[in-house]
Amino acid sequence: MSKLVEEFNEYRTKMNEVILSKDNLVMKRLWNLDTNTYEEGALDKKTKEMLGLVASMVLRCDDCIKYHLGKNHELGVTTKEVYEIFAVANIVGGTIVVPHTRRAAEYWEALEENGSAK
C-alpha cells in the first residue's frame, strides 16, 4: 500500500478510536448519522460517495477528500469519472479548489498505483 494511503488510514483509524473511546453520545450519534447517510437509499452508494467527494472538495477538507476518494475507489469509480468529479467541484467551488484538486489527484494516483481499496 502506498505510504500516503497507509499513513492517512492509520492516523484516521487511530484518532477515530480515541474520539469514540471517550463515550460521548453526541459524537457517537454524529458518526452513526454519517455512516447511515452513505448507505444505499434512493441514491446508490457510488452516487452518494461521488457527491461526498464534490462537497468535500468545495469545502476544502483534505481529510474528507482522501476519505471519499478511498470510498470511491472501493466502489469502482474510474479515473475518468474522478476527473469529472474534480471538474464539477472546481466549477462549483472556483479556483480556490485547485490546490485541493492537486492533492486529490496525488492521492488518487496512490490508490490506483497500489490497487488500494481503503
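The values are calculated or read from the model by the stated rules, or taken from the named source; none is laboratory data. On a predicted model such as this, the values are computed, not experimentally measured, just so you know. Note that each Cβ is placed from the backbone with ideal geometry, even for glycine, and that neighbours are counted across all protein chains shown.
Any idea which residue in the range 16-52 is surrounded by the most Cβ atoms within 10 Å (Cβ to Cβ), counting only those that are among the charged types (D, E, K, R) and closer than 13 Å to K71 by Cβ?
That would be E49.
Can you list the helices (runs of 4 or more DSSP H) lying wholly within the range 25-118 that have 3 or more residues being farther than 17 Å from S2 by Cβ and free of Cβ contacts under 8 Å to residues at least 40 places away in the same chain?
So the answer is 25-37, 45-59, 79-93.
Among the residues in the range 89-107, are any modelled with pLDDT under 95 and over 17 Å from E49 (Cα atoms)?
Checked the range 89-107: no residue is modelled with pLDDT under 95 and over 17 Å from E49 (Cα atoms).
If I ask for residues that are of a type in the set (S, T, N, Q) and surrounded by 12 or more Cβ atoms within 10 Å (Cβ to Cβ), which ones from the range 1-15 would you list?
S2, N9
How many of the residues in the range 55-75 are β-branched (V, I, T) and surrounded by fewer than 21 Cβ atoms within 10 Å (Cβ to Cβ)?
Total meeting the criteria: 1.
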